[in-house]
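Here the structure comes first, spelled out in structure tokens, and everything after it is commentary.
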């Protein structure tokens, strides 16, 4: 998903990030490999290449280790010539482990789920009390489910996102990011919402690419968590994906200290692994905005929605 034109175009439209690809293929032959980046220019966080901003992973598209090393050698030369602060690559596999000049900049848990199994086998693999029972509770509560790409669903999703961001003491990404994502990805982008008596309970945004469903964003009303809305959303997304012939559910990355989120994903029977991001030059990452964020977080918990939204619009283009 994160190599796709739709994802890259949404990044360009929202944050003015310039996509750029490196390849060993000459202009006269079919493209055989590539490393895809966005060029980020920021007075706050510096100029850099990132593969790719706001992407959980972006595996180098290479046919051999020799091709990868040739591209990496060129990148290290280009970094010095262009005076980028750093180059960051976010591989899904350990393809950069042997390159000592690229240092690990971050490590996350990663989950993905095989949904190619028969539906009853999938259902039995779910945690009995924390997933299966929650889904049954949501059905008993009469939660309604709706999925699509309409502006009304987007606004419902965004209102729930504001609640979630306030709880986490973070500004939300601008609504235009989600609007552009839906527009650029097309039918592969979908918002799922469950409600109780027309009151939104929870929402997720998923992306589809080839045979993979990607969970990218989720939010909910914390006062209604006990109704099982999030579990119903995931189950409906899975059954819909199976109906359309998809085989994998990419549940994305989780911070190493996000024990609750990791446990939630494990309870769906997803396979857990670890992914690491790499930077050149290898150095301890500098968090330019960390002090400002520590100061601002208590304010985000009580700031009006318009302040949260304005902060997100100004903030995220510097941190992709």
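Bear in mind that the values in this text are calculations on the coordinates, not laboratory data. Because the structure is predicted, anything quoted here is derived from the model rather than measured.
Quick rundown of the values:
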quantity	calculated
Cα long-axis angle, helix 175-185 against the chain (0 to 90 degrees, to the nearest 10)	80
Region 116-246: Cα Rg divided by the 2.2 N^0.38 Å rule of thumb	1.04
Surface/4 estimate of mean projected area, convex hull on alpha-carbon atoms of region 163-206, nm²	3.8
Principal axis box of region 35-166, alpha-carbon based, largest edge first, Å	62, 37, 24
Helix-derived mean residue ellipticity, 222 nm - over the chain, DSSP H n ≥ 4, -39500 (n - 2.57), to 500	-11500 deg cm²/dmol
GNM flexibility winner over the chain from 64, 42, 28 (Cα, springs under 10 Å)	28
37 °C / 0.692 mPa s Stokes-Einstein diffusion coefficient of region 201-275, Kirkwood radius on C-alpha pairs, µm²/s	248
From the coordinates shown, semi-axes √(5λ) of the Cα gyration tensor in Å corresponds to which of (1) 42, 23, 17; (2) 34, 24, 18; (3) 31, 22, 19	(2)
Candidates 167, 43, 90, ranked by Gaussian network fluctuation over the chain, Cα under 10 Å, top entry	43
Crossing angle, helix 5-15 versus the chain [Cα axis fit, 0-90 degrees, rounded to tens]	90
Distance histogram in 5 Å bins (all Cα pairs of region 5-65, percent per bin)	4, 16, 24, 22, 17, 11, 4, 1
For region 176-219 versus region 131-155, the gap between their alpha-carbon centres in whole angstrom	12
Fraction of antiparallel bridges per DSSP, the chain only, in percent to nearest 5	90
